[in-house]
1. List the chymotrypsin sites (Phe, Trp or Tyr not before Pro) within the stretch 301-370 that fall in a DSSP loop (any state other than H, G, I, E or B) and whose Cβ has at most 13 other Cβ atoms within 10 Å.
2. Taking K and R as +1 and D and E as -1, what net charge do the other residues with C-beta under 10 Å from the C-beta of Leu51 add up to?
3. Which percent, nearest 5, of DSSP beta bridges in the chain are antiparallel?
4. Is the shape of the chain best called rounded, prolate or oblate, per the rule: a/c under 1.5 gives rounded, else a/b larger than b/c gives prolate, else oblate, with a ≥ b ≥ c the square roots of the Cα gyration tensor eigenvalues?
5. Give me the distance in nm between label points sitting 7 Å out from Cα along the Cα-to-Cβ direction at Glu328 and Glu136, one decimal.
6. If the cut-off is a Cα-Cα distance under 28 Å, which lysines reach Lys377, setting aside same-chain residues fewer than 8 apart in sequence?
7. Can you sort Cys344, Cys120, Cys288 by solvent-accessible area, 1.4 Å probe, largest first?
8. Scan the stretch 245-333 for trypsin sites (Lys or Arg not before Pro) in coil per DSSP, keeping those whose Cβ has at most 15 other Cβ atoms within 10 Å, and list them by number.
Amino acid sequence: MQVNLKNYKKDTEFSYEPFLEILGTGLVTSEGETWREQRQRISSALRVEILDDIIAIATRAVDRLSEKLERVRGKNEPVELAEEFRLLTLQVIAEAILSLTPEQSDEVMPNLYLPIMEECNRRSLEPWRKYLPTPEWFAHRKRVAMLNEYIVNLIRGRWKKRTSGEANENPDILDRVLASVEVEDYGADIEEQMCYEIKTFLLAGHETSAAMLIWTTWELVNNEEKMAKAVAEANKVLGKVKPGRLPTRDELAHLDYNVSALKESLRLYSVVPVVTRRAIADDVLGGCRIPKGTTVIISLQGVHHREDLWPNPLSFEPERFLDGKNDELGNYAYLPFIQGPRNCLGQYLALLEARVVLATLIRRFKFKSASTKNGAKHTKAIPIAPADGMWFTVE
Ligand code: HEM
């Protein structure tokens with residue numbers, strides 16, 4: 001596929017179709033020149049400095065979650081941690097892109113954004129919902145309009161500030177992207193495009209990271225010895241950070257075992273299990289004729305569970321990722337973020353955020369499974385998340 005990449009475009013007719021109100025012509029679904037320009041613009045906004053901000057943003061978010069968990073510590077009151085991770089990753093991405101406060105994020109996201117996502121997910125499996133004028137249909141349309149208005153107002157306000165010389169002291173991703181827009185180019189088209197980009201980032205950047213965090217926590221909770229290794233490492237690395245100071249990226253780079261556990265959960269659970277493409281002309285792939293118009297489904301999970309590449313593939317073994325052990329497998333044996341020019345733009349951000357959250361939580365709390373339903377996978381939604389949440393008591 002990499003040899004004839006131009007022949008395969010994103011599958012906006014089918015797999016991404018129910019999500020187009022969110023994704024529109026944003027980075028995940030755009031093609032050609034629009035994609036190239038936007039990728040360039042956004043990847044420069046995601047450079048090193050914003051990653052340093054992510055450490056601060058993720059630390060604040062995990063401190064807030066810790067306060068919440070502190071209130072139920074030792075009380076035998078189960079907490080649904082998958083949902084907590086979803087809210088946390090939303091807060092992190094909303095602050096990183098838009099400087100939203102956690103209160104703003106908790107108001108807008110669960111009331112507008114999450115119900116929109118739920119309806120989009122339902123339309124993936126029940127496509128007729130898009131055409132039936134039910135009360136939910138009208139509620140959905142209203143929410144989409146309100147979310148668009150909210151985001152466009154934020155963009156407009158920010159642009160006004162920029163052009164009147166009142167730049168944000170601590171620029172977020174929106175500031176950085178707007179910095180590359182010429183005054184004469186700014187208008188309704190740019191606002192619409194930015195709105196799609198922001199919604200794309202919210203979508204791409206929160207559920208995947210939350211799913212990685214919850215599966216990693218679940219596997220570690222089930223494996224005392226591996227949890228002990230992860231906690232010992234978290235204590236060693238974060239224990240050196242004096243209260244009031246943030247860990248640096250170099251210090252966080254020593255969380256090898258924690259990061260290996262996160263990577264292993266991305267292999268085992270393959271939170272994005274497939275990606276799909278549409279062939280725009282006839283081709284031959286691996287000796288197989290691919291007629292124009294064919295939907296090609298690439299099974300990332302299939303690759304991640306191949307026994308010849310990953311012995312004992314259904315077992316959770318973070319050790320596989322330690323000391324570059326799997327380097328000889330090459331670029332195409334491990335694909336949670338895919339490979340090539342359309343690879344995930346948020347992968348470093350995701351792994352940085354997640355290691356801060358995981359290491360902070362496991363050194364402070366002991367989680368115990370509180371439901372026999374824990375561990376079951378949702379079978380009808382991507383990214384792969386728990387079927388009935390993930391309930392833990394906290395000690
Ligand atoms: C564990 C977390 C994550 C996983 C497993 C993941 C996985 C993926 C995958 C598989 C794709 C390719 C989709 C396709 O080609 O159809 C992708 C694309 C993308 N991801 Fe992620 N992602 C994660 C986190 C993030 C975060 C945190 C952000 C934003 C901050 C993000 C932003 C994007 C964007 C913008 C693209 C589209 C890139 C392009 O087409 O040029 N992702 N991601």
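1. Tyr332
2. Charge balance near Leu51 sits at -2.
3. Restricted to the chain, the bridges split so that about 95 percent are antiparallel.
4. Values: a/c = 1.42, a/b = 1.14, b/c = 1.25.
Verdict is rounded for the chain.
5. Label at Glu328, label at Glu136, 5.2 nm between them.
6. Leaving aside lysines fewer than 8 places away in the same chain, those within reach of Lys377 are Lys10, Lys68, Lys75, Lys130, Lys199, Lys226, Lys229, Lys263, Lys366, Lys368.
7. Cys288, Cys344, Cys120
8. For trypsin sites (Lys or Arg not before Pro) across the stretch 245-333 that sit outside H, G, I, E and B with at most 15 neighbouring Cβ atoms in 10 Å, the list reads Arg245, Lys292, Arg306, Lys325.
The values are calculated or read from the model by the stated rules, or taken from the named source; none is laboratory data. Not measured: the values here are computed from a predicted model. Quick reminder, even Gly has a Cβ in these numbers, built from the backbone with ideal geometry, and neighbours come from all protein chains shown. SASA here: full protein model, heavy atoms, side chains in, ligands and nucleic acids out. Shrake-Rupley method; radii C 1.70, N 1.55, O 1.52, S 1.80 Å.
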